[in-house]
Amino acid sequence: MSSTQEHLTNQAPTVRSIRVLTVNTHKGFNWLNRRFILPELRDAVRTLSSDVVFLQEVLGTHERHGQLIDNWPDAPHYEFLADTMWPEFAYGRNAVYPDGHHGNALLSKFPILHYENLDVSISGTEERGLLHAILDVPGQADLHAICVHLGLRERHRRRQLRLLCRLLDRLPPDDPVIVAGDFNDWRQRAGQRMDRCGLHEAFVEAYGSPARSFPARWPLLCLDRIYVRNVTTHDPKTLYRRPWSHLSDHAPLAVEVRFR
């Protein structure tokens, strides 16, 4: 961060709460990949005025799609979604293939002091990562935002959760932490592991169980999560009605996070 940015951050009033959104973008296509809907998704995300947005399955580039789809953006999808609303963004490339690559991304209205992408791929073709960013929220300690996309196999997820907990153990114990994304935890096994790391899940705290987020049109499975530490969560919502039900295969999750 430049000295000018640091001065502006120090002069800004203390932020007491932020709005958080997590969404699996499905690489910019609707359910079953029938239609490219990234511009519609951007319009919908903008209406929420979220402060921090966690993205999974977001494309960095794809040459073949860029040649075939008329309204394919010139910029990486995370930059296209950030547009003018989120001046800061971070991208962690997970999966690389001949036509391009995709991964996790974070959009932020606050300065990103540092970020790193941790490879938690286990084996085979399921490339997965944890994108860890440190945000400078005025008046607060460093906010650690970790964007998660775990594997489809149970044994892979167990190992990936252990790697996530190792990362959490290295963070300053009193710093605020938000861990959000696609856990693929349809058997609801992640909660106990996260409890041992001192995290609490927003929907479990509010309603007693994780949010049903997949498939977006008829949510049955609890795949997505928002975990926190050293902050509180309020009014968590699953965005499953139109237009959200037609913008991805996952329903986005939103919540207000308040600092202590």
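Annotations
- Averaged over its residues, the chain has an accessible area of 47 Å² per residue, based on protein heavy atoms and a 1.4 Å probe.
- When Ile146, Ile69 are compared by accessible surface with a 1.4 Å probe, the order from highest to lowest is Ile69, Ile146.
- Sequence of Tyr207, Tyr91 when ordered by accessible area, the most exposed leading, probe 1.4 angstrom: Tyr207, Tyr91
- Rounded if a/c under 1.5, otherwise prolate or oblate - the range 144-260, Cα gyration tensor axes: oblate
- Each peptide in 222-233, 159-170, 75-86 was scored by the mean count of other Cβ atoms within 10 Å over its residues; highest first, the order is 222-233, 75-86, 159-170.
- Entry note: the chain has Rg to Rh equal to 0.94, where both radii use alpha-carbon atoms and Rh is the Kirkwood radius.
- Efficiency of FRET from Cβ geometry, Trp186 and Arg35, R₀ 22 Å, rounded to 0.05: 0.30
- Gain on full extension, evaluated as 0.36 nm per residue between Asp195 and Leu113 minus their Cα-Cα distance, stands at 26.8 nm.
- Computed per residue of the chain from DSSP H runs no shorter than four, each worth -39500 (n - 2.57), the mean residue ellipticity at 222 nm is -6500 deg cm²/dmol.
- Computed in the context of the full set of protein chains, the accessible area of the chain at 1.4 Å probe radius has 46% of its extent on carbon or sulfur.
- Using the Cβ-Cβ distance between Leu48 and Trp218 with R0 = 25 Å, the FRET efficiency computed as 1/(1 + (r/R0)^6) comes to roughly 0.65.
- Length gained when the stretch Trp72-Glu154 is fully extended (0.36 nm per residue, less Cα-Cα span): 26.0 nm
- Packing-based ranking, highest mean first, of 51-57, 214-220, 174-180 given that Cβ atoms within 10 Å are counted: 51-57, 174-180, 214-220
The values are calculated or read from the model by the stated rules, or taken from the named source; none is laboratory data. Because the structure is predicted, anything quoted here is derived from the model rather than measured. With ideal geometry, Cβ positions are generated from the backbone for all residues, glycine too; neighbour counts draw on all protein chains shown. Each accessible area value is taken on the protein alone, full model and side chains, heavy atoms only, with ligands, DNA and RNA left out. Shrake-Rupley method; radii C 1.70, N 1.55, O 1.52, S 1.80 Å.
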